[in-house]
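Please read the structure below before turning to the comments.
The values are calculated or read from the model by the stated rules, or taken from the named source; none is laboratory data. Remember, it's a predicted structure, so these values are computed and weren't measured experimentally. Every residue, glycine as well, gets a Cβ built from its backbone with ideal geometry; the counts of neighbours run over all protein chains shown. We work out accessible area using only protein heavy atoms, side chains counted, and drop any ligands, DNA or RNA first. Shrake-Rupley method; radii C 1.70, N 1.55, O 1.52, S 1.80 Å.
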Amino acid sequence: MRAWALFLERFGGEPEGVWLAPGRANLMGEHTDYNDGFVLPFALGQGVTAAAAVASGALAARRLTLCSRQEPDTAVSVDLDGLAPGQVTGWAAYPAGVAWALEAAGYRVPGACVAIDSDLPVGAGLSSSAALECATALALTSLAGVEIPRADLVTIARRAENEFVGVPTGVMDQSASLRCQAGHALLLDCRSLEVAQVPFDPVAAGAALLLVNTRARHALSDGEYGRRRAECEEAARRLGVPSLRSVTDPADVDRLDDPVLRRRARHVVADDQRVLEVVTLLRSSADVDAYGEIGRLLSQAHASLRDDFEVSWPEADAAVEAMLAAGAAGARMIGGGFGGSVLALAPAASLDTVRDAVTATFAERAWTPPEFLSAAPADAARRVA
Ligand code: ADP
Ligand code: MG
């Protein structure tokens, strides 16, 4: 319990509790969230923990003091009164933004000390930012003695990231961290915000999930993300629909004259479809054959992200290719693109071969060695001490 130890060390007393919020991997549905479509994330065993206690003393009543084991040089103390977007920069903007969003929603946040620790790689597309927000949100609401429905907490944590930190993400990451269940993936309809739990237990079918952090982060990512969003909006406008979610017949996409917009829309429409296909496979048999089929859909999605949506990156393409050649059932890049992680599904027996193939491919190209993470569908954010 390293967050507990960090709290003791930094604040000189015991925390009142420790809260854990998981990162996530998205099984299917990439760049579909802001198109009102479907996504299918699952929570990881890895996450962010927050050890916290109400600050003692009258002077501390309205101060939020934050430290993180991953940011050893910066402890940050902010005044809860008059918090506003733009005031806090760097990593502390995520937890401070949660306090701001809670107060904006009408909840009074007590002055508090919060110590953060994490076993999630940062910036690897596994949503350490949402995990940080959600762990903080649970900690602060528990200290305040209020219980907020998870769906509302998703909105609050997302507001922290969108409006306080200023990152225009969709609703998937916070939903996954707060609403997933162990042994399940979360089907999220980003238009209605309805969720459903879909049984997802690859181990029971002799399959294994593998995450590869390619450790690459290409500078393009922020600008290109905004550009893709704009292209999707333009494609929807030209097709006369409120969002690409409304296009259910892939042939409709061919009405777009612009070849770039046509490719972007084709990816979104096909990926929405693939989410529903994966859900059907998981709900029907979920046997070896079903997982083989899900693997094929993963690889199809990767090709679509690479060729039609053009958000993949060389390390991801090489990892996917190496893993497929080594016997993986399927693999694809996950996250926004231009860096981050790859998710693979492989027969359990070939896991070592698949891993070694990626290591060898990266070594041949003299790339930074990849990091491998296990991925088992885990529970949503919760109190752990
Ligand atoms: P991802 O969510 O894919 O990991 P982001 O760029 O969205 O990548 O979020 C990463 C940011 O979240 C980091 O730059 C940092 O500001 C913050 N963050 C995540 N985990 C921690 C942590 N353990 N301690 C401090 N800041 C963290
Ligand atoms: Mg993030």
Rolling a 1.4 Å sphere over the protein heavy atoms, what is the accessible area per residue of segment 292-370, to the nearest Å²?
36
Across segment 327-342, in residue order, what do the Karplus-derived ³J(HN,Hα) couplings come to in whole Hz, using 6.51 cos²θ - 1.76 cosθ + 1.60 with θ = phi - 60° and x for Gly and Pro?
x, 5, 6, x, 7, 7, 5, 10, x, x, x, 6, x, x, 10, 10
Explain nothing, just compute: Karplus ³J(HN,Hα) = 6.51 cos²θ - 1.76 cosθ + 1.60, θ = phi - 60°, for every residue of segment 162-179 in order, whole Hz, x for Gly and Pro.
5, 9, 8, 7, x, 10, x, 8, x, 9, 5, 4, 5, 5, 5, 5, 9, 10
Could you give the longest part of the chain that holds none of the GluC sites (Glu not before Pro) found in DSSP loops with at most 13 neighbouring Cβ atoms within 10 Å?
195-385
To the nearest 20 debye, what is the magnitude of the charge dipole of segment 1-95 about its Cα centre, counting +1 on the Cβ of each Lys and Arg and -1 on the Cβ of each Asp and Glu?
220
Lys, Arg +1 and Asp, Glu -1 on Cβ, resulting dipole of the chain about Cα centre, debye, nearest 20
460
Checked against the positive end of the charge dipole of the chain (+1 on Cβ of Lys and Arg, -1 on Cβ of Asp and Glu, about the Cα centre), the farthest of P110, V253, L351 is P110
From phi via Karplus (6.51, -1.76, 1.60), per-residue ³J(HN,Hα) for segment 64-76 in Hz, x at Gly/Pro
10, 10, 10, 9, 9, 5, 7, 10, x, 8, 10, 9, 10
Can you bin segment 195-237 into rounded, prolate or oblate? Criterion: square roots of the alpha carbon gyration tensor eigenvalues sorted a ≥ b ≥ c, rounded for a/c under 1.5, prolate for a/b above b/c, oblate for the rest.
oblate
Q70-S374 FRET efficiency (beta carbon distance; Förster radius 25 Å; 0.05 resolution):
0.80
Quote to one decimal, in nm, the extra length available between D189 and D222 on full extension: 0.36 nm per residue of separation minus the C-alpha distance between them.
9.4 nm
Helix-only mean residue ellipticity at 222 nm for the chain, each DSSP H run of n ≥ 4 adding -39500 (n - 2.57), per residue, nearest 500
-12000 deg cm²/dmol
Amide H partners (placed H, <5 Å) of A182, local residues excluded:
D379, A380
Taking 0.36 nm per residue of sequence separation and subtracting the Cα-Cα distance, how much length would be gained by fully extending the chain between A196 and A58, in nm to one decimal?
45.2 nm
Over the chain, what is the percentage of antiparallel beta bridges among all DSSP beta bridges, to the nearest 5?
90
Extension reserve of the D152-R238 stretch, reckoned as 0.36 nm per residue once the Cα distance is removed:
27.6 nm
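Classify segment 71-180 as rounded, prolate or oblate from the Cα gyration tensor: take a ≥ b ≥ c as the square roots of its eigenvalues, call it rounded if a/c is under 1.5, otherwise prolate when a/b beats b/c and oblate if not.
rounded
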I want to make sure I understand the PRE zone here: with the label point 7 angstrom from the Cα of T359 toward its beta carbon, which residues in segment 324-341 have backbone N atoms less than 16 Å away?
326
What three numbers, in Å, describe the spread of the alpha carbons of segment 1-64 along their principal axes, ordered from the longest?
48, 26, 14
Just to check, using Stokes-Einstein with a Kirkwood Rh over alpha carbon pairs, what's the diffusion coefficient of segment 7-131 at 37 °C and 0.692 mPa s in µm²/s?
207
Could you pull out every residue, at least 5 positions away or on a different chain, whose amide H is within less than 5 Å of the one on G47? Hs are placed 1.01 Å off N in the peptide plane, and Pro or chain starts have none.
G23, D119, L120
Sorted largest first, the Cα spans of the chain on the principal axes come out in Å as 64, 49, 41
Quick one: putting +1 on the C-beta of Lys and Arg, -1 on the C-beta of Asp and Glu, what dipole do you get for segment 232-378 around its Cα centre, in Debye to the nearest 20?
260
